[in-house]
1. Looking only at segment B:19-57, count every residue that is at pLDDT 95 or above and out of contact with any strand residue (DSSP E or B) (no Cβ under 6 Å at 6 or more places or on another chain) and tell me the total.
2. Give the number of residues within segment B:152-171 that are assigned to a helix (DSSP H, G or I), within 14 Å of chain A (Cβ to nearest Cβ) and either among the hydroxyl-bearing types (Ser, Thr, Tyr) or loosely packed, with under 15 Cβ neighbours inside 10 Å (or both).
3. Determine which single condition B:Asn124 fails, assuming it passes every other condition in (1) closer than 22 Å to A:Val186 by Cα; (2) assigned to a helix (DSSP H, G or I); (3) of a type outside the set (A, V, I, L, M, F, W, C).
4. Which residue out of A:Ala138, A:Ala91, A:Ala149 is touching a Gly at 6+ places or on another chain (Cβ under 6 Å) and either more than 14 Å from chain B (Cβ to nearest Cβ) or modelled with pLDDT under 95 (or both)?
5. Quick one: in segment B:186-202, which of the residues that are closer than 16 Å to A:Val123 by Cβ and surrounded by fewer than 22 Cβ atoms within 10 Å (Cβ to Cβ) is farthest from the other protein chains (Cβ to nearest Cβ)?
6. Any residue in segment A:97-108 that is surrounded by 14 or more Cβ atoms within 10 Å (Cβ to Cβ), within 14 Å of chain B (Cβ to nearest Cβ) and among the hydrophobic types (A, V, I, L, M, F, W, C)?
7. Does B:Val123 fit the bill of being buried (at least 18 other Cβ atoms within 10 Å of the Cβ) and touching a Ser or Thr at 6+ places or on another chain (Cβ under 8 Å)?
8. Pick from segment B:172-185 the residues that are more than 7 Å from chain A (Cβ to nearest Cβ) and farther than 22 Å from B:Glu120 by Cα: which of them is surrounded by the most Cβ atoms within 10 Å (Cβ to Cβ)?
2 protein chains.
Amino acid sequence: MDKVITIGRQYGSGGREIGEKLAKRYGIPFYDNELITRAAKESGFAEESFQNAEDKATNSLLYSLAMGINVYGNQDFGFSGLSLDDRIFLAQSNVIRKIAEEGPCVIVGRCADYVLKEREDVVNIFISASMDYRLKRAIVQYGLEEKKAAGIILKNDKRRGNYYNYHVGEKWTNLNNYDLVVRSDVMGIDNAVECICTYLGK
Amino acid sequence: MDKVITIGRQYGSGGREIGEKLAKRYGIPFYDNELITRAAKESGFAEESFQNAEDKATNSLLYSLAMGINVYGNQDFGFSGLSLDDRIFLAQSNVIRKIAEEGPCVIVGRCADYVLKEREDVVNIFISASMDYRLKRAIVQYGLEEKKAAGIILKNDKRRGNYYNYHVGEKWTNLNNYDLVVRSDVMGIDNAVECICTYLGK
């Protein structure tokens, strides 16, 4: 397998688990929080600045307003005139590009599909699932309170959608952004992994 | 294989070919123009009224205007007060439901995913492909003139998108409408078929 695999995923759909299983299957690196850590180290930002950067864009308007009140003109990172959030995105993007240069891997989230769009060895995958399935999974896997679970899922999806929309300028849920979209609930997580492997050519 | 498979597809993506191959693989009926013919016979409409009904909605506004000038109040088909286009859609939907009742099959286009949304044995698939690939394929397969091919592809996609949007009330390209979305160009038509079969569980 000679591809860089990017995975977008709805909250609670099992996209991260699928990504880990793919990486294990092919014996290639898996990047999620590892990516954040690496980006933080290389760019000199404090690690906590990168934590959940993807979850910061609560909605486009708030996001834009937040940009306006962020620190401008900090030349330390070579991104003067950009908001902190934009500088974090650029630093992450640089790391994603370096990682892809190093060879086949799995990268979850962070608009990696968009960041790597000039490369020809990238396969962009999206994992979706019904709300029902995600509710049950999030309660078991992430220990969410039953009463609050639905709200948390919707909020996280909205944040991810806004983050993608803000940085890529396209809808997160537009199928044209991906090579393969797999619903994980109908046939299960392991079946989704098999399906992706078949697509990639075993 | 005990499913009803619906296939939406971008013009020139090979969705029809993939549908035929799936039907052959599973030994189940394939419905495309056959569906139109059957709908025409059962409802009493002239067959030509059904030809390319899907390609009639050039855009939402034009479509709405066209509805206004269509014949109203024709009680012959039991859809009085509806435009001709809406009556055709309802007649087609009835046929799609009857076909699904008969057992596993492949149905291409005509918002079958939406029409059958109450059934639990339906898998909704969408086939996409890059413009470049669809251009080459449409010129070879449908004999389109090279100069006109891009325009014809865009026009047909727009019509299909508007048709879906009008009848379903959702974006045709929203990945949440489908269980599986496969780009046919990157890995090829036969690989797309294999991928779908893996998803369905061989």
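The values are calculated or read from the model by the stated rules, or taken from the named source; none is laboratory data. On a predicted model such as this, the values are computed, not experimentally measured, just so you know. Neighbour counts are summed over all protein chains in view; Cβ atoms, including those assigned to glycine, are modelled from backbone coordinates with ideal geometry.
1. Within segment B:19-57, residues that are at pLDDT 95 or above and out of contact with any strand residue (DSSP E or B) (no Cβ under 6 Å at 6 or more places or on another chain) number 5.
2. Result for segment B:152-171: 2.
3. Every listed condition holds for B:Asn124 apart from (2).
4. Values: A:Ala91 fails: touching a Gly at 6+ places or on another chain (Cβ under 6 Å); A:Ala149 fails: touching a Gly at 6+ places or on another chain (Cβ under 6 Å).
Going through A:Ala138, A:Ala91, A:Ala149 in turn, just one is touching a Gly at 6+ places or on another chain (Cβ under 6 Å) and either more than 14 Å from chain B (Cβ to nearest Cβ) or modelled with pLDDT under 95 (or both): A:Ala138.
5. B:Gly188
6. Going through segment A:97-108, the residues surrounded by 14 or more Cβ atoms within 10 Å (Cβ to Cβ) turn out to be A:97, A:99-100, A:104-108.
From what's left, within 14 Å of chain B (Cβ to nearest Cβ): none.
Among the residues of segment A:97-108, not one is surrounded by 14 or more Cβ atoms within 10 Å (Cβ to Cβ), within 14 Å of chain B (Cβ to nearest Cβ) and among the hydrophobic types (A, V, I, L, M, F, W, C), which makes the answer no.
7. yes
8. B:Ser184
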